[in-house]
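Visitor: Take this structure first; my questions come after.
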Amino acid sequence: DIALYEAKRHGRNRVEHYTDRLKCLTINTKKTADAILKSLEQNDFIAYFQPQFDAHTLEISGVEALARWNHPEEGILSPDRFLEIAESLNVVSQIDAAVLEQALLQRARWLANDLAIDKVSVNISAQRLFDENLLQRLEQLDVVPGSLSFELLESISFDDKGAAVTDSIERIKSHGIDIEIDDFGTGYASILSLLKLSPRRLKIDRQLTAPIIVSAAQRRLISSIVDIGRSLGIDIVAEGVETMQHAVILRDLGCHTLQGYALARPMDSNALIDFARARSWMPTHRAQAV
Ligand code: C2E
Ligand code: MG
Ligand code: MG
Ligand code: MG
């Protein structure tokens, strides 16, 4: 039966095709994994910095440190190219550590250069939150309260390690470090469990801020988040500010801090210094404000 034969042949081909692709993917993943481990030894994970702005004055109010892989062949790579694999290798903690050290180093440089960058935020993975090395490192630090924040994904607070999370966060806070809830509005954590962590800031994810131009319902949602923040003394940071129109609306809705491509992209440490210097030469930011 020719028809049946054809069908089988195609089916088998499809299966073979699929296994080939899977094999290829696994080989690539393995290659990336090896390269990640090597790059960790060679300190090829670096920090980029994205400025954050006061919504009203548009002055730089802080920066977020973002991990980049300075890949020996491919150049600077973003976290979507390595974070997942680093997590499965259990080394994301080491990347977090490298970014923290560079953030601290750069902060000292900003101070020495008289640049008004008052705060740096670093992202902390779930792995890192339970890393004894982190807590040991914090013992050695002399953090000026308010100058350093840890950004946690809201998913971190929602797993079964609830008590351990609270414990670790209390220890972090006892060193004068602020907690920020990252990508707020995209996870499944209850608002109650998040607020138990007494964060200093909530960062509203880009998925929630992007549609505000076209959606009144979305604007009301942001407005309610701002209200919650106001009643609890939690500042609201809007992420993904991609146009000045977003900036104006988010400011008018009451967001305190703006972060996004319309205002500044993530940049390396030298570019950040140039950027901050250029800003500080402007006589008044208020005149520049939207
Ligand atoms: P995040 O912490 O929410 O960081 C914001 C991300 O949005 C950054 O992507 C940033 O480049 C991007 N972004 C900023 N403004 C805009 C905008 O206006 N439009 C758009 N489309 N995107 C914008 P990035 O650097 O690729 O980082 C992605 C995620 O990787 C971060 O999201 C964070 O969850 C994670 N990550 C970054 N660095 C680290 C790190 O050192 N440790 C850990 N554990 N995670 C990190
Ligand atoms: Mg973040
Ligand atoms: Mg975020
Ligand atoms: Mg994000």
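Visitor: Please determine, in degrees from 0 to 90 and to the nearest 10, the orientation of helix 216-232 with respect to the longest principal axis defined by the Cα atoms of the chain, where the helix direction is its Cα long axis.
Guide: Roughly 60 degrees, rounded to the nearest 10.
Visitor: Can you give the angle from 0 to 90° between the axis of helix 2-41 and the longest principal axis of the chain, with both taken from C-alpha atoms, to the nearest 10?
Guide: 40 degrees
Visitor: Moving on to the next point. Let me check I've understood the local charge: for GLN127, count other residues with C-beta under 11 angstrom from its C-beta, Lys and Arg +1, Asp and Glu -1. What total comes out?
Guide: Net local charge, GLN127 excluded: -2.
Visitor: Charges only on Cβ, +1 for Lys and Arg, -1 for Asp and Glu: so what's the dipole of the range 28-156 about the Cα centre, in debye to the nearest 20?
Guide: 240 debye
Visitor: Between ASP44, ASP178, ASP252, which gets the highest mean-square fluctuation from a Gaussian network model of the chain, Cα cutoff 10 Å?
Guide: ASP252
Visitor: For the modelled label position 7 Å from the Cα of ARG230 along Cα-to-Cβ, which residues of the range 244-275 have backbone nitrogen atoms closer than 12 Å?
Guide: Correct set: 252-256.
Visitor: Hey, could you grab the Kirkwood Rh for the range 15-75? Inverse mean 1/r over distinct alpha carbon pairs, Å, one decimal.
Guide: 14.7 Å
Visitor: Put a dot 7 Å past each Cα toward the Cβ at ASN70 and ASP20; how far apart are the dots in nm?
Guide: Modelled inter-label distance: 4.0 nm.
Visitor: Grab the DSSP H runs of the chain that are 4 residues or longer, score each as -39,500 (n - 2.57), total them, divide by all residues and round the 222 nm result to the nearest 500 deg cm²/dmol.
Guide: -15500 deg cm²/dmol
Visitor: Sticking with this structure for a sec: So how many Å³ per residue does the convex hull of the Cα atoms of the chain work out to?
Guide: Dividing the Cα hull volume of the chain by its residue count gives 184 Å³.
Visitor: Another question, if that's okay. Suppose R0 equals 22 Å. What FRET efficiency, 1/(1 + (r/R0)^6) with r the Cβ-Cβ distance, do LEU192 and ASP142 give to the nearest 0.05?
Guide: 0.05
Every number here is computed from the coordinates shown, using simple stated rules; none is lab data. Everything numeric here is computed off the predicted structure, so don't read it as measured data. When we count neighbours, we look across all protein chains shown, and the Cβ atoms used for this are built from the backbone with ideal geometry, even at glycine.
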